[in-house]
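The values are calculated or read from the model by the stated rules, or taken from the named source; none is laboratory data. Only a predicted model underlies this, so the values are computations on that prediction, with no experimental measurement involved. Because the Cβ atoms are built from the backbone with ideal geometry, glycine has one as well, and the counts that use them run over all protein chains shown.
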Amino acid sequence: MTYEDLIPVIRRLALEAGDSIMEIYNADDFGVKVKSDASPVTEADEAADALISAGLRKAFPDILLITEEQAASHAKSGDTFLIVDPLDGTKEFINRRGDFTVNIALVENGTPTRGVVYAPAKGRMFYTQPDGRSVEETGALDKATAGDVTPMSVSEPDNSALMVVASKSHRDQATDDYIGKYRVQDSKSAGSSLKFCLVATGEADLYPRLGRTMEWDTAAGHAVLAGAGGQVIRFDDHAPLTYGKAGYANPFFIAYAPGVELKGA
């Protein structure tokens, strides 16, 4: 598999999954179940997962696939794998807030190197090109042919007036306390992996996450941010956030434009 093979496939699958999700989102009602970890799952999560998984296994049968909605995959491990969150921001979806995304990423030797984040309700598509640089695609988002793209680049932050983005559904006092260590011009809330993309486009400078996440929640956004010049580090020791960890659980982390003068925990 080459990056030139990978990117058109994950871009197309994200768009197709988005169509499936929006069909359910726009219906009068949809089913919601509760998983063993008490998190919600909808028929849209399951439909998107089935579509993406089938497409990836057909295109790249020899590459390990880890996906949120297939628990058996969580026991597998490898140096190189595709990782999928078919609908990140399920709570946003259920509450019809629009801040949900389709996420597909490639991880190599612990690092997300390529990825796509698609927000179907917002019509925003972010991905890494084969050369690793991140773009936002504009236009009709045709499944067969990529349209015009805008290169993405992180901000050059003004540390006396930072733009901060934080979780919409999981914000807590610890997060607010940490943000309070900075001189903040404005703070905005966003759901799902869109927070990484807002840092990647320069719409925000800093995204701290002091809460539980899994690698499938973050890998695609991490790849997009890295391809725009940003970084993602552990909250505790500021070491790079790595992937392929046991159980695919993340520690707290900080995503940021490198010009931000980081504060300690």
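Before we move on, is LEU56 under 20 Å from GLU108 (Cα atoms), modelled with pLDDT of 95 or more, under 20 Å from the mean Cα position of the chain (by Cα) and buried (at least 17 other Cβ atoms within 10 Å of the Cβ)? When the stated conditions are applied, LEU56 passes them.
Can you find even one residue in segment 26-47 that is modelled with pLDDT of 95 or more and surrounded by fewer than 18 Cβ atoms within 10 Å (Cβ to Cβ)? Scanning segment 26-47 turns up no residue that is modelled with pLDDT of 95 or more and surrounded by fewer than 18 Cβ atoms within 10 Å (Cβ to Cβ). State yes or no: is LEU106 surrounded by 13 or more Cβ atoms within 10 Å (Cβ to Cβ), on the phi < 0 side of the Ramachandran plot, of a type in the set (A, V, I, L, M) and in the same structural domain as THR213 (by TED's automatic domain parsing)? Spelling it out, it is not the case that LEU106 is surrounded by 13 or more Cβ atoms within 10 Å (Cβ to Cβ), on the phi < 0 side of the Ramachandran plot, of a type in the set (A, V, I, L, M) and in the same structural domain as THR213 (by TED's automatic domain parsing). Scanning segment 130-145 for residues that are out of contact with any Phe, Trp or Tyr (no Cβ under 8 Å at 6 or more places or on another chain) and touching a residue at least 40 places away in the same chain (Cβ under 8 Å), we see that the one that is nearest to ALA200 (Cα to Cα) is ARG133.
The residue that is farthest from GLN129 (Cα to Cα), among those in segment 146-155 that are in contact (Cβ under 8 Å) with a residue 12 or more places away in the chain and part of a loop (DSSP other than H, G, I, E, B), is SER155. If only one of THR101, THR80, THR111 is outside the structural domain of GLY244 (by TED's automatic domain parsing) and more than 16 Å from LYS245 (Cα to Cα), which one is it? Of the residues listed, the single one that is outside the structural domain of GLY244 (by TED's automatic domain parsing) and more than 16 Å from LYS245 (Cα to Cα) is THR101. Among the conditions (1) part of a strand (DSSP E or B); (2) over 21 Å from VAL199 (Cα atoms), the only one that GLY78 does not satisfy is (1). Consider ALA105 carefully, then state whether it is within 20 Å of the chain's Cα centre (by Cα), farther than 25 Å from GLY147 by Cβ and among the small types (Gly, Ala, Ser). So ALA105 does not fit the description; no.
The residues in segment 60-71 that are in a helix (DSSP H, G or I) and more than 16 Å from ASP45 (Cβ to Cβ) can be counted, and the count is 0.
Given (1) more than 23 Å from ALA105 (Cα to Cα); (2) without any contact (Cβ under 8 Å) to a residue 12 or more places away in the chain, where does SER160 come up short, assuming only one miss? Result: SER160 passes all but (2).
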